[in-house]
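To keep things clear, I will list the structure first and then write my remarks on it.
The values are calculated or read from the model by the stated rules, or taken from the named source; none is laboratory data. Quantities reported herein were computed from a predicted structural model and do not represent experimental measurements. Cβ: placed from backbone, ideal geometry, glycine included. Neighbour counts: every protein chain shown.
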Amino acid sequence: MISARLLLMPALLALALAACTSPPMAPFSTTEVGPPMVETSRVERLVVLPVVEARPGDGHTRLGWGALVLIPLVPYGTQEWRTIEEQWDVRPELGDMITQDLRASGLAADTLHGTLEQAGPSPAAYVLEVRLREGVWLRHMTTYGLSVFGGVLWYLGAPVSYGEAHLNLSVELRDPRGEVLGSRSFHTIGDVTESIYRGEPATLGFKEAYEALSPELRAFVAECLGDTRA
């Protein structure tokens, strides 16, 4: 007869992994992009600079409150995932996603992601600077108030966590002479539900958040460029 300890081992292992290790992450820059906005590009080159870190605490992750789920009758513990060292950093992915989206808009004949040195001196480039004010996955890890026994429910398909991916950006568009054409802030939220049978939960949430923000960002860039022609 199988002992109760053996039956609990999978749940304990899953709980330890969920509370103490990095959730699965994957690139999310393959997000759906919008359609072209113009028939003729308005400028020759647009460079999206590397995203600047401007989050509170320099984007550090906080995991400690997730351990609250080990206490019986406590329904969930919240963790703040911002950056996973050597595995996942939202900034390069976000820069790639913005570049792909603006390239698809057709507002510039050539849209690049990188530094001005990488882009080269010719043709003169319009520059989009992006500051990441917040990019965080609020992961409300749950064991349904059952402490270690709640891990059994995960194997039955119950979510490991609920939460949201918060994306807060401030952007500034400059012309080739360095004059500011406009600046604006954007904030959106994507829903995140994590399951042991569904990978990359946070990346899906950030994709959803950016897709909600995309029309506003495109409209801002189009407004700043006006009727300028390359």
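Note on segment 66-86: residues that are closer than 19 Å to T193 by Cβ and at pLDDT 75 or above amount to 8. Scan segment 125-137 and give yes if some residue there is closer than 30 Å to A219 by Cα, at pLDDT 90 or above and aromatic (F, W, Y), otherwise no. Scanning segment 125-137, I find at least one residue that is closer than 30 Å to A219 by Cα, at pLDDT 90 or above and aromatic (F, W, Y), so the answer is yes.
Inside segment 175-198, residues that are of a type in the set (S, T, N, Q) and either free of Cβ contacts under 8 Å to residues at least 24 places away in the same chain or exposed (fewer than 13 other Cβ atoms within 10 Å of the Cβ) (or both) make up a count of 2.
Residues that are more than 21 Å from S170 (Cα to Cα) and without any contact (Cβ under 8 Å) to a residue 24 or more places away in the chain occur in segment 107-119; there is at least one.
Kindly establish whether T99 is of a type in the set (S, T, Y), closer than 16 Å to V51 by Cα and without any contact (Cβ under 8 Å) to a residue 60 or more places away in the chain. So that I can check it myself, show each step before the final result.
Working: of a type in the set (S, T, Y): yes; closer than 16 Å to V51 by Cα: yes; without any contact (Cβ under 8 Å) to a residue 60 or more places away in the chain: yes.
Taking the combined requirement at face value, the residue satisfies it.
To keep it simple, each residue is scored yes or no on (1) modelled with pLDDT of 85 or more; (2) more than 13 Å from the chain's Cα centre (by Cα); (3) in a strand (DSSP E or B).
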{"site": "G182", "(1), (2), (3)": "yes, yes, yes"}
{"site": "H187", "(1), (2), (3)": "yes, no, yes"}
{"site": "D191", "(1), (2), (3)": "yes, no, yes"}
{"site": "G205", "(1), (2), (3)": "no, no, no"}
{"site": "Y210", "(1), (2), (3)": "yes, no, no"}
{"site": "L213", "(1), (2), (3)": "yes, no, no"}
{"site": "V221", "(1), (2), (3)": "yes, yes, no"}
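Go through segment 110-124 and give me each residue that's surrounded by 15 or more Cβ atoms within 10 Å (Cβ to Cβ) and either at pLDDT 90 or above or farther than 23 Å from S183 by Cβ (or both). If the condition is that a residue be surrounded by 15 or more Cβ atoms within 10 Å (Cβ to Cβ) and either at pLDDT 90 or above or farther than 23 Å from S183 by Cβ (or both), then D110, T111, L112, H113 are the ones that fit.
Identification of strands (runs of 3 or more DSSP E) wholly contained in segment 67-171 with 2 or more residues that are under 30 Å from R45 (Cα atoms) yields 108-113, 126-142. One residue stands out among those in segment 137-157 that are surrounded by fewer than 19 Cβ atoms within 10 Å (Cβ to Cβ) and touching a Gly at 6+ places or on another chain (Cβ under 8 Å): the one that is farthest from Y197 (Cα to Cα), which is L138.
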